[in-house]
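Reading through the structure tokens given below for one structure.
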Amino acid sequence: MRWLRLNFLKNMLKDLAKRITARAYLAYAQRRDRADVIDVGEYLSKIVTALILPPEQPEHFKTATRILDDLRQHFAQTQFYLLTPKALTDMVSLDEKMRIISYDVDEIGFHGLPKDSLQEAIRSRHFDMVIDLNLEFNLIATFLCQASEAKLRICFVHPSRDPFYNFQVRAIDSNTLEQKYQSLVNYISVFTNGLSQREPLAAEMTML
């Protein structure tokens, strides 16, 4: 019982440390300039490398990664990298156009930030685009998105993400998880297909 209490206390302190770190990180980011404004239609035609940041939750991870094939159809010449915990790598089908950057759980520090080894795995590569598939703000994904220095940073709408991302998609709350991820692909396809007009889609895009 004593071990259980100590473990419970440790987890509580860890969660508190993560929340404090996230608030401090957001406060710091809000004092900086906002994310770059770019011509998305023109820039998407030049994407050579892209980093995908999937959700941490295994139940969301599986659904989110189903859209990878759709994304690759719109970026046929793009080399994709998927960041994933090593425990989830078996859930992804790989080929020469989809590579994995895997990490161990101990590469995430006590305060919820990626350790230097994981940061370097991102910084050592060049990415033209990052797509964060977390539906809610995720400190690890946001931190690594910034570390990537990608010019185009895509995510779902969240007020805490405004300083970090410059292409946000708002999915309808009543949609299923799969529909929400598909709405993101639909909006990207508007630009990659070079459409000047479109039918209304089940999402709303926010350009920062």
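No lab work stands behind these numbers, since they all come straight from the coordinates. What you see is a predicted model; the values in this text were computed from it and never measured. For neighbour counting, all protein chains shown are included, and Cβ atoms are generated from backbone atoms with ideal geometry for every residue, glycine included.
Points to keep in mind about this one:
- A cut-off of 5 Å between modelled amide H atoms, ignoring neighbours fewer than 5 places along the same chain, links residue 109 with 115.
- A simple count of charges around residue 97, restricted to other residues whose Cβ falls under 12 Å of its Cβ and scoring Lys, Arg +1 and Asp, Glu -1, yields -1.
- Sorted into 5 angstrom bins from 0, the C-alpha pair distances of segment 40-104 split as 4, 17, 30, 24, 14, 9, 3, 0 percent.
- Comparing segment 88-163 with the 2.2 N^0.38 Å rule of thumb, its C-alpha radius of gyration ratio is 1.14 (two decimals).
- The protection proxy used here, the mean number of other Cβ atoms lying within 10 Å of each residue, ranks peptides 128-141, 172-185 as follows, highest first: 128-141, 172-185.
- Averaging the Cα positions of each part gives two centres, and for segment 84-118 and segment 119-168 these lie 15 Å apart.
- 3J(HN,Hα) from dihedral phi, segment 184-189, Karplus parametrisation 6.51/-1.76/1.60, rounded to Hz, x for glycine, proline: 5, 4, 4, 5, 4, 5
- Charge sum, other residues only, whose C-beta stays under 13 Å from residue 178's C-beta, Lys/Arg counted +1 and Asp/Glu -1: +1
- Measuring against 22 Å, Cα to Cα, the residue pairs 46/180; 62/151; 86/115; 62/115; 86/151 contain 46/180; 62/151; 62/115; 86/151 as the ones spanning a longer distance.
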